[in-house]
Amino acid sequence: MWLLLSFLSATLLGFYDVFKKLSLRDNAVIPVLFLNTLFSTLIFLPVIVGTASDFCWEQQRLIVLKAVIVLSSWVFGYLGIKHLPITIVGPINATRPVWVLVGALLMFGERLNLRQWLGVILTVISVYLLSQSGRREGIRFAHNRWIYYVVLAAVLGAVSALYDKYLMAPLGQGVGIDRRLVQSWNNLYQMILMGMAMFTQRRTSTRFHWHWAILCISVFLSAADYVYFQALSLDDALISVVSMIRRGSVLVSFCFGAIVFHEKNLKSKAFDLALVFISMLLLYLGSAH
């Protein structure tokens, strides 16, 4: 079941990336991010109110730390996707499972079988080939600060994924916090932090304007994360595999990059994305019992 939930989360996450790109076209990053956290908080407001009577600061301070990690990843990721093609950002984000895998092996003692390892190796190869496509578009990874922002966002995203597993793992392996509590209060703390950031930031040259896709960011992200937390809450879920499958969202963003954003070098990128798809199948087959 956790495998199917992971694939569903990946699909929703792909649409989230697309709406994020649409929202940031000639738009200010911080207000868009604040509205994202505001709408997400409103979506989970019934859960927040319903769990307020069980408030425990020992748990809440751990959730606050998660909010800080996630927001740090988002700020760098939003800035990167605003200035780079989505067909370049997607492959860089696909490196997250590699970081998660290393962390999972070290922290949780997870072990992968041969098919799963083949899927991981194939993903690394596909990410490398996709990164080479960026050179044809004049994007020099070593000399582009937006590339560094996206890489940093990917690393922080991997840290967040490992931390999620720790928060929701049963006592003895983790903290054992309910997944609904983590997701709902995390959104609230993100909104508070982004509100503080928005009212203290300096004026920028890019002015904010409303776009309908901003609301879609919150809807699809909330749905993707809800399914993701549901998958992680299952006892036999492997965080390294769940995170790898979620990177399959690049397939969705690639299709929209071609159809909506009319991005370049699609033929070479299509071959590389086929490798990503095969790696997802290997992970699925290796994890099926």
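The values are calculated or read from the model by the stated rules, or taken from the named source; none is laboratory data. Keep in mind that what you see is a predicted model, and the values were worked out from it rather than measured. We place every Cβ from the backbone using ideal geometry, glycine too, and count neighbours over all the protein chains shown. Heads up: the accessible areas ignore ligands, DNA and RNA and are worked out on the full protein's heavy atoms, side chains in. Shrake-Rupley method; radii C 1.70, N 1.55, O 1.52, S 1.80 Å.
Restricting attention to region 169-188, the residues that are under 23 Å from residue 77 (Cβ atoms) and open to solvent by less than 30 Å² (accessible area, probe 1.4 Å) total 6.
The sole residue among 18, 32 that is more than 22 Å from residue 258 (Cβ to Cβ) and at pLDDT 90 or above is 32. The set of residues in region 220-250 being of a type in the set (S, T, N, Q) and either at pLDDT 85 or above or more than 17 Å from residue 94 (Cα to Cα) (or both) consists of 222, 230, 233. For beta carbons closer than 7 Å, sequence separation of 6+ or different chains, a first residue in region 151-170 that is free of Cβ contacts under 8 Å to residues at least 60 places away in the same chain and a second that is in a helix (DSSP H, G or I) and among the β-branched types (Val, Ile, Thr), the qualifying pairs are 151/92. Only one of the listed residues (227, 219) is open to solvent by 30 Å² or more (accessible area, probe 1.4 Å), part of a helix (DSSP H, G or I), closer than 25 Å to residue 38 by Cα and not charged (D, E, K, R). That residue is 219. Where helices (runs of 4 or more DSSP H) sit wholly within region 73-187, those with at least 2 residues that are modelled with pLDDT of 75 or more and over 23 Å from residue 252 (Cβ atoms) occupy 114-136, 145-168.
Within region 1-13, can you find the residues that are open to solvent by less than 20 Å² (accessible area, probe 1.4 Å) and under 12 Å from residue 225 (Cα atoms)?
Passing the criteria: 6, 9, 10, 13.
Looking at region 236-252, is at least one residue surrounded by fewer than 16 Cβ atoms within 10 Å (Cβ to Cβ), part of a loop (DSSP other than H, G, I, E, B) and of a type in the set (D, E, K, R)? Within region 236-252, one or more residues are surrounded by fewer than 16 Cβ atoms within 10 Å (Cβ to Cβ), part of a loop (DSSP other than H, G, I, E, B) and of a type in the set (D, E, K, R).
Is there a residue being open to solvent by 40 Å² or more (accessible area, probe 1.4 Å) and among the hydroxyl-bearing types (Ser, Thr, Tyr) anywhere in region 49-70?
Filtering region 49-70 down to residues open to solvent by 40 Å² or more (accessible area, probe 1.4 Å) leaves 49-50, 52-59, 61, 64-65, 68.
Adding the requirement that they be among the hydroxyl-bearing types (Ser, Thr, Tyr) leaves 53.
Yes: one or more hits.
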